[in-house]
Amino acid sequence: MPNRQTAIPAFPCDDAERVLPGHQFADAYKVVAPRGMDAIEATRLAFAHGPAWIRLLMSLRNRLGRIVGLKPAPPSGFPVIRQSPSEVVLGFDDRHLDFRIVVVVARGNATVTTLVRWHNAWGRAYLLAIMPFHRVIAARMIEGVA
C-alpha cells in the first residue's frame, strides 16, 4: 500500500472574506501538492474517489435533511461557483446557512478551506452537529490529492 499523506490543519485561504463575506466559521487542511498540479486537478482528485463511508454520510445527510427542509447535495458534487488554475470555489446557499469550499494550490501545497455563514439558530446547530464529521471528511478529501 502506498504511503498516504496526512492532511494537517492550515490557515484558511487568504481571500476568505471575499469568497463568503461575513462568514462565521473557517477551517482548512493541506497536503503537499504534486509538482505541476493546479487547483482544478486538485479539486477533481479530492472529490473523485472519496471513501464509501463519506458517500454514505452524504446520502444520510440528504435523506434526513429533506425532513427539515435542507437542499440536498447534488449527486454530481457541489456546484462550482468559479474556477481558475489557482483556485476553485464550490458551494451553495440555503435557508439555514451558506457554505463555500475553496481549493487552492500555492507554495507547494494543496489546501481545502471550508467557509460557513449561518442565517439562524438552525444553521448554527447544524454546523455544530456535523463538525466532528466535517473535520474528518475535509482532511480525507484533500489527502486524495497527494
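Name every residue in the stretch 1-38 that is in contact (Cβ under 8 Å) with a residue 24 or more places away in the chain and on the phi > 0 side of the Ramachandran plot, in order of residue number.
Result: Gly22, single match.
Starting from the stretch 109-127, take each residue that is closer than 20 Å to Ala7 by Cα and list its partners that are charged (D, E, K, R), counting only C-beta distances under 7 angstrom and pairs at least six apart or across chains.
Note: pairs meeting the criteria are Asn109/Lys30; Ala110/Lys30; Thr111/Lys30; Thr114/Asp27; Leu115/Arg100.
Starting from residues that are outside any helix (DSSP H, G or I) and touching a helix residue (DSSP H, G or I) at 6+ places or on another chain (Cβ under 8 Å), keep the ones in the stretch 38-58 and report whichever is surrounded by the most Cβ atoms within 10 Å (Cβ to Cβ).
Gly50
Only one of these is among the charged types (D, E, K, R), exposed (fewer than 12 other Cβ atoms within 10 Å of the Cβ) and farther than 15 Å from Ile142 by Cβ: Arg35, Arg61. Name it.
Answer to the check: Arg35.
Restricting to the stretch 100-146, count the residues that are out of contact with any Pro (no Cβ under 7 Å at 6 or more places or on another chain), polar (S, T, N, Q) and closer than 22 Å to Val80 by Cα.
Summing the residues that are out of contact with any Pro (no Cβ under 7 Å at 6 or more places or on another chain), polar (S, T, N, Q) and closer than 22 Å to Val80 by Cα in the stretch 100-146 gives 3.
Each value in this text was obtained by applying a stated rule to the coordinates, not by laboratory testing. Everything numeric here is computed off the predicted structure, so don't read it as measured data. Quick reminder, even Gly has a Cβ in these numbers, built from the backbone with ideal geometry, and neighbours come from all protein chains shown.
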